[in-house]
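In what follows, a structure is listed as structure tokens, so that the remarks can point back to it.
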Amino acid sequence: MSKDKAQARRETLARMRAEQKAKERKTALMMWGGGGLVILLLVGLVGFYLVDQAGKTSLDAVTSAKYPGSLHVQTKVSYKENPPMGGEHHPAWQNCGIYDAPINNENAVHSMEHGAVWITYQPDLPKDQVDVLKELASKDYMLLSPYPGLPAKVVVSAWNKQLKLEGADDPRLPKFIAKFKQGPETPELGASCDSDVTTTTAEQPIPTASPSPSDPPHATPTAIPSPSATPTS
């Protein structure tokens with residue numbers, strides 16, 4: 001092989017090696033760049049999910065009031081909120097549990113004074129959603145009942161706290177229960193939620209006015225105090 005041909009071959013091999021190295025560098029840059037984009041995308045998706053979940057479970061929409069406890073009346077009360085979340089109420093509290101018909105506001109409010117959470121729902125709420133609510137309300141210090149004229153599909157209330165929901169599967173519902181059942185604003189914290197009052201509004205309505213001395217006495221529900229709690233007069 002002549003000297004010129006050998007030189008030409010060396011130059012060709014050098015150029016090929018240089019081109020190969022340049023190609024490898026380009027490939028590596030593309031791989032690292034693509035990987036970086038994937039990582040950024042994943043970080044963005046995780047961040048979006050966390051922000052979205054925080055928004056869905058946030059209790060920022062909870063409305064608050066400042067009702068004092070121990071305001072007992074024997075007659076029907078006109079409440080500011082619908083359903084109520086505090087204020088005047090009947091001396092007898094509603095036995096905590098699940099009701100398939102509306103119950104008296106005045107008895108339910110007294111239960112909330114003892115720390116109960118009252119879940120109310122529109123009467124036409126689908127059965128599968130009502131079943132979800134019944135599962136949540138199967139614990140202690142819980143009330144559940146349908147509520148005609150409710151401003152949302154589901155409304156959950158505790159003493160001085162309330163949250164409107166669009167359905168039984170709203171993740172804020174169990175969070176509300178965990179925070180406000182027997183919550184810090186409960187006027188009679190630890191008082192019993194057991195009671196002889198298990199009637200619905202249709203069975204035993206609260207009278208709109210106190211009976212006059214000449215009228216026969218109205219059979220209002222009464223509660224038997226438990227050893228651990230006595231209703232406040």
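The values are calculated or read from the model by the stated rules, or taken from the named source; none is laboratory data. Just so it is clear, the model here is predicted, and its values are computed rather than measured. FYI the Cβ positions are ideal-geometry reconstructions off the backbone, even for glycines, and counts take in every protein chain you see. Ligands, DNA and RNA are excluded from the accessible area calculation, which covers all protein heavy atoms including side chains. Shrake-Rupley method; radii C 1.70, N 1.55, O 1.52, S 1.80 Å.
Things to note:
- Ellipsoid semi-axes in whole angstrom, largest first, where each is sqrt(5λ) of the Cα gyration tensor of the range 82-190: 20, 15, 12
- The packing ranking of peptides 177-184, 17-24, 83-90, highest mean first, is 83-90, 177-184, 17-24, where packing means the average number of other beta carbon atoms within 10 angstrom of each residue.
- Net charge of neighbours whose Cβ lies under 12 Å from the Cβ of Met16, counting Lys and Arg as +1 and Asp and Glu as -1: +4
- Whole-Å distance, taken between Cα centres, linking the range 179-211 and the range 117-159: 16
- For Leu71 and Asp128, the FRET efficiency from 1/(1 + (r/R0)^6), where r spans their Cβ atoms and R0 equals 30 Å, is about 0.20.
- Counting only protein chain heavy atoms and rolling a 1.4 Å probe, the accessible areas of Lys134, Lys66, Lys153 rank, largest first, as Lys66, Lys153, Lys134.
- Flagged links, alpha-carbon separation over 28 Å, of Lys134/Lys161; Lys80/Lys153; Lys76/Lys179; Lys80/Lys181; Lys5/Lys26: Lys76/Lys179; Lys5/Lys26
- Electrostatic tally near Leu29: other residues with Cβ closer than 14 Å to its Cβ, Lys and Arg +1, Asp and Glu -1, net +3.
- Residues of the range 46-173: accessible area per residue with a 1.4 Å probe, Å²: 42
- Along the range 73-87 the Karplus relation, 6.51 cos²θ - 1.76 cosθ + 1.60 evaluated at θ = phi - 60°, assigns HN-Hα couplings of 9, 9, 10, 5, 10, 8, 8, 6, 9, 9, x, x, 10, x, x Hz to successive residues, with x for each Gly and Pro.
- Net charge contributed by nearby residues that have their C-beta within less than 12 Å of Lys153 (K/R +1, D/E -1): -3
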